[in-house]
Structures are given as structure tokens and as C-alpha cells.
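The values are calculated or read from the model by the stated rules, or taken from the named source; none is laboratory data. These numbers were taken from a predicted model, which means no experiment stands behind them. All Cβ positions, even for glycine, are placed from backbone atoms using ideal geometry, and neighbour counts span all protein chains on display.
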Amino acid sequence: MKNFLVINNKIKSFNKNITVSGDKSLSIRAVLLASQAIGKSRISNLLESEDVLNSLKVIKKLGSNFKKKNNLYEIDGYGLNSFYLKKKLRIYTGNSGTLARLILGLLVNVNQEVKIYGDKSLSKRDFSRISNPLKVFGVNIKLSNNSLPATIIGTKYLRPINYFENLGSAQCKSAIMLAALKTNGVTKIKAKKSRNHTELLFQNLNIPIKLKKTKKFDFIEINGPSNFSSFNYNIPGDISSSAFFIVLTLLSKNSSILIKNININPSRTGIIKILNKMNANITFKNKKVYKGEAVADIFVKSKSNIKSIKCPEYMNSSAIDEFLIIFLVAAKAKGISTFKNLGELNKKESPRLDIGINFLKKIGVKVLRKKNDIQIYGNPKLKLKDEYIMKDFLKDHRVFMMSSVAALTLGGKWKIYDQDSIKTSFPNFIKIIKKLGAIIN
């Protein structure tokens, strides 16, 4: 079976309503917390991607059973000390940095050796940002060259810590919070701004947590250990998945789209703010709050007069997974767009900053780079006619989807490899773009 797409035609005008899969960050967190709750949790609209399915396999391997009924997953939890481990257990986390890092936080009180490993891409990512704070809790954890595989031996004698999370990594912050949940005493975290899904879930589950926010940092206190009851959760749609259809619509002619029931948590809507600063007109409809998370329908119309942006650095963390697709918009904007301090992009599933720059140069867009700052020289008349092959991007799902949007909006003849990469986060991507009228071979 071929593992590539062929796209030879731009997408025609469309006016559609769509739904996208459940939010991946919330799906993984909900599964892991359900495994630690007391009772049967019920989760609907769970994203059925490889990353989330691997999360379910992991909790089952640790002793938490689950079953699926229609669109509902029922997960049995037995409390904070309920993980049951076989000797020298090995846990596979696939391509998911969220799963691998958060499960380490949940294993801190398990006094047996567990080995965490992932696929080739995940094994190149930095895990010292997790191992360093967990060691302060009193955990024995060893890495291979600061990466996976990781071997962890927890302890019954955890001690609370004070930790400064200065990377803006929600995964790191969440791993510390999950470890604090199992630790006797008050753990204090000073964290650079990042996604706050774990904090909202803790609050909704009545886990003892105190929050104080300033412009640059969040101050978090967690008083543990604290068992909590099972819960029901309907996962809203993923804004990172929505981003590709937002940009597809924005760069197409005479088109509009309504994407229903999307998580618009302010820590995730950087792409909307950035694109609206670039003269897009993206609006939220039917806004509501669900268990602390802001949810709305997102409405987008085509825009021909996109302008450049000097992107404020404080927006980076709220758009960190969407910069590849933002770069594509900047390529069609009038003027020079500037983005600063994007080194964190190279610590994702692939070196996305490097790949994004090379991609823009491949399609004839001028890019200047100074360390982790870049300038993109936009061309509103950018149209492609040549043949393009995209491969060797470490099977990064976001690179694959960004390349597909470029092919459908800019023209040219494209062969885009690693179609299977979307299984990790967004298996329905191709099905939806076909629904919008894309011709794909």
C-alpha cells in the first residue's frame, strides 16, 4: 500500500460546516487521570489516534481496565496507589511526548523498575526536562543521552519540591503536577506561560490546587496526596487540528468554513490572534465554558489581503504547534513577517523550525534566519507550477498536513510522503479535506 499523497490541483471554492476529532492534549490527560480516579470514568469524543490509543494501552498494562461503548470510553480507576506492575515492565509510548512525559510523573510512587521507550522520532527528544525535577522528588530515573529510553524506579518516600519551569513546556509542568499529586506536602511550581489543561482538570476534579497568575508566570501549589472521584468528560474538538482547515480556507478563493465545538482555551488560541493580526477575520460563535475550558464554533472566510506581522514573542507558547501553518500564511502575506525565539520548535516531533525554513525556500520564499529568529518575505502573488516532493521529515504529522494545505492552495504538482504520520494525531484529516472538495490521488 502506498504511503504518499499525490495532489495536482488546487482546491475549488467551498462553504462547509465540519467537526474535527477530540482535543489530543485533553484526551491523553483525561485517560491518565481516569486511571488514577476512584470509580468508573466515562469519556466521550475521545480522539482515536495512535497517541491516545497508546495511552489506553499503557493504563491497561498498569492495571486499569477500559471498554468502549459506541462513542463512550469507560475507564476503571482505583486511586493513586493502584498501578499494578510486573517485574521490569516495559512501556511503549509511540510518538507521543505528552504520554511519555506525563506517565513518568505518575510512576513516581511505584517502587519497581519501569522502562519507558518510544519510536525513533520520540527517542531523539529531550527528556532531561522531566528527569531533573523528578529526581528532586526522590525518584531514581536514568536516560539514554538525555532521551528515551528512560528507566524509572519510584519511591514511597517522595518529598515535595519547589521548581522553576522556565521552558514554557506544558508537558514538563504537568509531569511535575502529577508527581505532586502523589507526594505528601505542598509542591510549588513557578512556570513560564504554557497550556493550562492540567490545572483546569485538577480544579474540576476538586484536587487541592492554588493558582496565581502574573503576566509572565503562573504560580501553582499542589497539596498531596489527594485521591479524587471518577468523572464524566466530553472532549471538545482540537484547535491544532482545526488550524489546517482555518488556513486552507483563509488561502483559498471565495470559501468559508464553520468548525464546530472547538476548545478555544486562551493558552491554545495563539494562531487565531496571530492570523487576525495579519488581517484575517476569524470569529467565535456559540461560546460557552465546559468544565473550565472555553469552547466555541470557529468561523473563517477567505482573505486575499493578508499582511505581514511582527509576532510578539509572548504569543509563542499559545501557538507552538501551529507555527508551520502560520509560516505558510506569512509566505502569502504582503511584507516581511518576523518571528523570534522559536528554538522550542526544534524540540518537537521533528526539528520543525529547520524543516519549516527549508520548506519555504523550496517553494521560492525568501527566509532570513539568525539563530532562532526568522524573517519571512511574503509574496501575495505566490503561485506554484513546478513538481514538489516532500519526504524525509521524520514522519511528522504536522509537516505532512502543512504540505497538503500548501499543495491545495498554492498549486503545483505534489507528492507528499508519510501519509501514515497523521494516525498519531488526526486520522480523519484526509477524509475531511476530501469532504471539502480536495482531489487527492
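Please pick out the residue among N232, N223, N196, N227 that is surrounded by fewer than 16 Cβ atoms within 10 Å (Cβ to Cβ) and either more than 21 Å from the chain's Cα centre (by Cα) or assigned by TED's automatic domain parsing to the domain that holds Q112 (or both).
N232
Quick check on this structure: which one of I432, I374 is over 18 Å from F323 (Cα atoms), touching a helix residue (DSSP H, G or I) at 6+ places or on another chain (Cβ under 9 Å) and at pLDDT 95 or above?
Going through I432, I374 in turn, the sole match is I432.
Is it true that S21 is crowded, with 17+ Cβ neighbours inside 10 Å and over 25 Å from N227 (Cα atoms)?
In short, yes.
If you check K332, K303, K347, K307, which single one turns out to be charged (D, E, K, R) and within 29 Å of L99 (Cα to Cα)?
Just a single option satisfies the conditions, and that option is K347.
Output the number of the condition that S241 fails; it satisfies all remaining conditions of (1) assigned by TED's automatic domain parsing to the domain that holds R29; (2) crowded, with 17+ Cβ neighbours inside 10 Å; (3) assigned to a helix (DSSP H, G or I).
So the condition that S241 fails would be (1).
Is it fair to say V52 is outside the structural domain of S304 (by TED's automatic domain parsing), surrounded by 23 or more Cβ atoms within 10 Å (Cβ to Cβ), under 14 Å from the mean Cα position of the chain (by Cα) and of a type in the set (A, V, I, L, M, F, W, C)?
Numbers: outside the structural domain of S304 (by TED's automatic domain parsing): yes; surrounded by 23 or more Cβ atoms within 10 Å (Cβ to Cβ): yes; under 14 Å from the mean Cα position of the chain (by Cα): yes; of a type in the set (A, V, I, L, M, F, W, C): yes.
Criteria met by V52.
Say whether the condition of being among the β-branched types (V, I, T) and free of Cβ contacts under 8 Å to residues at least 60 places away in the same chain is met by at least one residue in the stretch 227-245. Walk me through how you get there before you give the answer.
Restricting attention to the stretch 227-245, the residues satisfying the condition of being among the β-branched types (V, I, T) are 235, 239.
Right, trim to free of Cβ contacts under 8 Å to residues at least 60 places away in the same chain and you get none.
No, because not a single residue in the stretch 227-245 is among the β-branched types (V, I, T) and free of Cβ contacts under 8 Å to residues at least 60 places away in the same chain.
Tally time: how many residues in the stretch 72-93 are of a type in the set (G, A, S), modelled with pLDDT under 95 and either within 17 Å of P149 (Cβ to Cβ) or buried (at least 23 other Cβ atoms within 10 Å of the Cβ) (or both)?
Matching residues across the stretch 72-93 total 0.
Name, by its number, the condition in (1) in a strand (DSSP E or B); (2) out of contact with any helix residue (DSSP H, G or I) (no Cβ under 9 Å at 6 or more places or on another chain); (3) touching a residue at least 24 places away in the same chain (Cβ under 8 Å); (4) not acidic (D, E) that does not hold for I220.
All conditions pass for I220, except number (2).
Where in the stretch 96-189 are the helices (runs of 4 or more DSSP H), entirely inside, with at least 1 residues that are without any contact (Cβ under 8 Å) to a residue 40 or more places away in the chain?
128-137
Kindly check whether there is at least one residue in the stretch 59-67 that is in a loop (DSSP other than H, G, I, E, B), of a type outside the set (S, T, N, Q) and surrounded by 24 or more Cβ atoms within 10 Å (Cβ to Cβ).
Looking through the stretch 59-67, none of the residues is in a loop (DSSP other than H, G, I, E, B), of a type outside the set (S, T, N, Q) and surrounded by 24 or more Cβ atoms within 10 Å (Cβ to Cβ).
Yes/no per residue for (1) under 20 Å from S229 (Cβ atoms); (2) without any contact (Cβ under 8 Å) to a residue 40 or more places away in the chain; (3) outside any loop (DSSP other than H, G, I, E, B):
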| site | (1), (2), (3) |
| --- | --- |
| L5 | no, no, yes |
| N9 | no, no, no |
| S13 | no, no, no |
| S25 | no, no, yes |
| A30 | yes, no, yes |
| K40 | yes, no, yes |
| I43 | yes, no, yes |
| L47 | no, no, no |
| D51 | no, no, yes |
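Would the stretch 416-430 turn up any residue that is among the small types (G, A, S) and in contact (Cβ under 8 Å) with a residue 24 or more places away in the chain?
yes
Which count do you get for residues in the stretch 308-324 that are under 15 Å from V367 (Cα atoms) and part of a helix (DSSP H, G or I)?
The qualifying residues number 2.
For the stretch 274-298, which positions are surrounded by 17 or more Cβ atoms within 10 Å (Cβ to Cβ) and not in a loop (DSSP other than H, G, I, E, B)?
Within the stretch 274-298, I274, L275, E293, A294, V295, A296, D297, I298 meet the criteria.
When you check I18 against the structure, is it touching a residue at least 12 places away in the same chain (Cβ under 8 Å) and either within 17 Å of Y290 (Cα to Cα) or in contact with a helix residue (DSSP H, G or I) (Cβ under 7 Å, 6 or more places away or on another chain) (or both), yes or no?
So I18 fits the description; yes.
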